[in-house]
Amino acid sequence: MIHLTKSGLSKGNGALKKVEKRIAELRKVIRHHDHLYHTLDRPEISDFDYDKLLSELQKLEAENPECITPDSPTQRVGSKPLDQFEKQEHRVPMLSLSNSYSPEDIVAFDERVKKFLDRDQDVEYFCEPKLDGLAIELIYENGVLTSALTRGDGLVGENVYSNVKTIKSVPLKLNDENPPALLEVRGEVVMHKQDFKAINEQGEEEGTQVFANPRNAAAGTLRQLDPRITAQRPLKMYCYSLGATDGIAFSSQSQLISDLAKLDLPTLDLAKDSKKLESIVKKAQSLKEGEYFLPPLTVKISTAEQAVEYYEFIEAVRHQLPFDIDGIVIKVNDFKLQDQLGFIARSPRWATAAKYQPEQGETVIENIDVQVGRTGALTPVAKLKPVKVGGVTISNATLHNQDEIDRKDVRIGDSVVVQRAGDVIPEVVEVISSKRPKSSKPFKLPKDCPVCSEPVEQLEGEAKSRCVNPLCAAIMKESLKHFVARRAMNIDKLGEKIVEQLNQEGLVNSFSDLYKLKEEELLELERQGKKSVENILKSIEKSKDIELGRFIYALGIRFVGEQTAQTLAKHFKTLDAFLNTNADELTAINDVGPKVAESIMGRLNNKKFVSEVNELIQVGIRIKEMASGNSSGKQPLKGLNIVVTGSLPMGRNEIKDLITDLGGKSAGSVSKKTDYVLAGEDAGSKLTKAEELGVKVLAWEDFQALIQ
Ligand code: IVH
């Protein structure tokens, strides 16, 4: 563990030197903890202590913007959106691998290698899982990450640096006192299955984007032009090969992987012997569906037989790995031999990808259920005759929406091929039309909500139709589950089952009903003893003290996820201010788009909603409002309205937060009410508007002077 000296900064002579030293120290320690946490999964300090270090660095950098460098840990979080990615040529083309599909193909590969090298002895191979994500090339110049390129057409890729730098396990600076002039490292960017599930659940709930599999989610995230969104989506990277280098050399794949790890680059660990593999298979078998682990997965071997064993080993553990894989990669280990073998067409002769057959099964759709979610969205779900696919019994498969049903022409009674898409969501791949019963009819989603019978609506541009009746029992049931959830009101003793029971029994039909529950009522529920009822009541009581952001999130407004709720809380500071806002003010907040603002206003203009919020206050909810003012209590920007534009030494969001912390306001557009426009480089229309209206324009240095 690295230790820090006490900062003890003082103004005056030598102060800048001290600050620089402290900044360098903090960066080093933070990098070290980032690596421990994100790459090695072995944190040594608490989140609280880590945040303290990071905020000290952020503060020092804000006060000394000339010290900010692109490799500082503060520079990971999303910078401003791009118009497009820049194209950049690969110094060494990014090629692809030849494919094998069976043990026989693996044996044939080994024979080809030996024949080409004209040797009888065994060749040493390095075997790795074939990760199912996106290949990315990281370019480090003098130890600092300067670009990150997609594969593109293999010759020219796109520079997605601003997105890749938000991946916490990718070092912005290599752990090397004497870094090489150039190191291009390639690897796969993936989204872990658990993260994918969480993001899709959130997307489904909030009516935003839903991805078909983790690979698409990773690709969609990396190709996204707003790095602030990327920063909220957890991506991981694992490095496995090289591009161009200058000032560093490696002799084999196994040495490459261990040396990359020493530089703090994320790699997959080496499983040293075959005993280890056996115990890993045992461990995988002991895990349940949906439980994941990341054991050492790469091996060095020397015969085709061992390569086949490895192929079977990875197949046995693949469903329990945290990411999707679609095969293994077998590489000749020695780089000299790799050079001798060279390339054929666009693939190396020294490597092959042995893929697994997709796991599919055939079954019959017995029925199609229509479920109503928290936001009222209607989701058709195929009820299947249970079928085993890849060791897991599948009895439901989502059909997404009417468009998907029409596209695949899925009908009740159809025989279908199902597969586990990316291991996570079972899906209907296709209908076997030759087996279709004569009497079958196309399936149409109902025009009325299957739960409350009110007509459903489908907004333009949306794939799903929705029930819009706020009193619909299905919506209320789901909203209640969301309301009590850990990240919302955190009524931890009220599990989903009890909430459902309470709702079914008619005891709880609104959020505020939860706070009116009586001991006798709870005791009457099935399987509730005195002790558990006591605990439930205690946890309901405890939930009454809640921060504004969590409270807003708990209200379950469509498109208002945790992040947005926090942004709203930071902006409004009090519940009253939030309840009395208007569409203009909302859209002026950074990160609140017109769709979100419309959804919030829809709720705030709904009398039932507002009276329910008031009822919650009546039953005793105490909202911890956001403290206004910064830690020093000074408010040099009190009453000032400052619009921020152009590119500045700090992220725009951070500057806006700083303005609010110091007592000011930061709107999105320039008007007569604007006191100052803080303009950085490439400031556009806002600067012109300020000049037209005669609003005073501040450069970064002027702003610094203002807040000092
Ligand atoms: S090595 C010459 N190793 O597979 C190519 N690739 O078809 C050398 N991939 O574009 C690539 N896991 O996206 C290599 N352990 C691994 C891999 C891997 C996945 C992907 C990569 C590449 C594609 C090649």
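The values are calculated or read from the model by the stated rules, or taken from the named source; none is laboratory data. Source: prediction; values computed, not measured. Note that we place each Cβ from the backbone using ideal geometry, even for glycine, and neighbour counts take in every protein chain shown.
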Is it the case that some residue within region 121-132 is exposed (fewer than 15 other Cβ atoms within 10 Å of the Cβ) and more than 14 Å from the ligand (Cβ to nearest atom)? yes
Breaking point among (1) in contact with a Pro (Cβ under 7 Å, 6 or more places away or on another chain); (2) surrounded by 19 or more Cβ atoms within 10 Å (Cβ to Cβ), for Leu235: (1)
When region 15-70 is examined, which residues are found to be at pLDDT below 90, touching a Pro at 6+ places or on another chain (Cβ under 6 Å) and of a type outside the set (Phe, Trp, Tyr)? Leu36, Thr39, Pro65, Ile68
Output yes when any residue across region 432-443 is among the basic types (Lys, Arg), more than 16 Å from the ligand (Cβ to nearest atom), assigned to a loop (DSSP other than H, G, I, E, B) and surrounded by 15 or more Cβ atoms within 10 Å (Cβ to Cβ), and no when none is. no
Which condition from (1) in contact (Cβ under 8 Å) with a residue 24 or more places away in the chain; (2) within 15 Å of the ligand (Cβ to nearest atom) is the one that Ile365 breaks? (2)
Within region 301-319, is there a residue that is within 13 Å of the ligand (Cβ to nearest atom) and in contact with a helix residue (DSSP H, G or I) (Cβ under 6 Å, 6 or more places away or on another chain)? no
Verdict on Ala284 being in contact with a helix residue (DSSP H, G or I) (Cβ under 7 Å, 6 or more places away or on another chain) and either within 16 Å of the ligand (Cβ to nearest atom) or aromatic (Phe, Trp, Tyr) (or both): no
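So that you can scan it fast, the table gives a plain yes or no per residue for (1) within 26 Å of Val644 (Cα to Cα); (2) out of contact with any helix residue (DSSP H, G or I) (no Cβ under 6 Å at 6 or more places or on another chain); (3) hydrophobic (A, V, I, L, M, F, W, C); (4) touching a residue at least 12 places away in the same chain (Cβ under 8 Å):
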| site | (1), (2), (3), (4) |
| --- | --- |
| Ile546 | no, yes, yes, yes |
| Ile552 | no, no, yes, yes |
| Leu555 | no, yes, yes, yes |
| Gly561 | yes, no, no, yes |
| Ala569 | yes, no, yes, yes |
| Phe572 | yes, no, yes, yes |
| Ala577 | yes, yes, yes, no |
| Ala583 | yes, no, yes, yes |
| Thr587 | yes, no, no, yes |
Of the conditions (1) surrounded by fewer than 16 Cβ atoms within 10 Å (Cβ to Cβ); (2) in contact with a helix residue (DSSP H, G or I) (Cβ under 7 Å, 6 or more places away or on another chain); (3) among the polar types (S, T, N, Q), Asn535 fails just one. Which one is it? (2)
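In this structure, does Pro358 turn out to be in contact (Cβ under 8 Å) with a residue 40 or more places away in the chain and either more than 16 Å from the ligand (Cβ to nearest atom) or surrounded by 16 or more Cβ atoms within 10 Å (Cβ to Cβ) (or both)?
Values: in contact (Cβ under 8 Å) with a residue 40 or more places away in the chain: yes; either more than 16 Å from the ligand (Cβ to nearest atom) or surrounded by 16 or more Cβ atoms within 10 Å (Cβ to Cβ) (or both): yes.
Here the answer is yes, as Pro358 does meet what is asked.
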For Ser96, only one of the following conditions fails: (1) surrounded by fewer than 18 Cβ atoms within 10 Å (Cβ to Cβ); (2) away from the ligand (no atom under 16 Å from the Cβ); (3) at pLDDT below 95. What is its number? (2)
Selection count where residues are free of Cβ contacts under 8 Å to residues at least 40 places away in the same chain, within 12 Å of Arg411 (Cα to Cα) and among the charged types (D, E, K, R), scope region 437-456: 2
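For (1) touching a Pro at 6+ places or on another chain (Cβ under 9 Å); (2) surrounded by 15 or more Cβ atoms within 10 Å (Cβ to Cβ); (3) aliphatic (A, V, I, L, M); (4) modelled with pLDDT of 90 or more, each residue gets a yes or a no:
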| residue | (1), (2), (3), (4) |
| --- | --- |
| Lys447 | yes, no, no, yes |
| Pro450 | no, yes, no, yes |
| Ala474 | yes, yes, yes, no |
| Glu478 | no, yes, no, no |
| Lys481 | no, yes, no, yes |
| Arg486 | no, no, no, no |
| Met489 | no, yes, yes, yes |
Among (1) away from the ligand (no atom under 16 Å from the Cβ); (2) in contact (Cβ under 8 Å) with a residue 24 or more places away in the chain; (3) surrounded by 14 or more Cβ atoms within 10 Å (Cβ to Cβ); (4) under 27 Å from Leu270 (Cα atoms), Lys114 falls short only on (2)
Restricting to region 551-595, and then to whatever is under 20 Å from the mean Cα position of the chain (by Cα) and assigned to a helix (DSSP H, G or I), can you tell me which residue is nearest to Ala474 (Cα to Cα)? Tyr553
What number of residues within region 251-264 satisfy the criterion of being more than 14 Å from the ligand (Cβ to nearest atom), under 22 Å from Leu172 (Cβ atoms) and touching a residue at least 24 places away in the same chain (Cβ under 8 Å)? 3
Considering only residues that are assigned to a strand (DSSP E or B) and more than 10 Å from the ligand (Cβ to nearest atom), look in region 331-354 and name the one that is surrounded by the fewest Cβ atoms within 10 Å (Cβ to Cβ). Ile344
Looking only at residues that are in a loop (DSSP other than H, G, I, E, B) and of a type in the set (D, E, K, R) in region 455-508, which one is nearest to Asp406 (Cα to Cα)? Lys464
Any chance region 229-250 includes a residue that's free of Cβ contacts under 8 Å to residues at least 40 places away in the same chain and either within 16 Å of the ligand (Cβ to nearest atom) or out of contact with any Cys (no Cβ under 6 Å at 6 or more places or on another chain) (or both)? yes
By residue number, the members of region 395-418 that are at pLDDT 90 or above and part of a strand (DSSP E or B) are Ser395, Asn396, Ala397, Ser415, Val416, Val417, Val418
Can you spot a residue in region 585-606 that is at positive phi, hydrophobic (A, V, I, L, M, F, W, C) and either modelled with pLDDT under 95 or exposed (fewer than 14 other Cβ atoms within 10 Å of the Cβ) (or both)? no
When the residues of region 133-146 are narrowed to those that are away from the ligand (no atom under 16 Å from the Cβ) and touching a Lys or Arg at 6+ places or on another chain (Cβ under 7 Å), which ends up farthest from Arg215 (Cα to Cα)? Gly143
Here the residues within region 147-178 that are in contact (Cβ under 8 Å) with a residue 40 or more places away in the chain, within 16 Å of the ligand (Cβ to nearest atom) and under 25 Å from Ser347 (Cα atoms) are Leu149, Thr150, Arg151, Gly152, Gly154, Leu155, Val156, Gly157, Glu158, Val160
Return the residue satisfying two criteria in turn: it lies in region 180-191 and is away from the ligand (no atom under 14 Å from the Cβ) and buried (at least 20 other Cβ atoms within 10 Å of the Cβ), and of such residues it is nearest to Glu291 (Cα to Cα). Met191
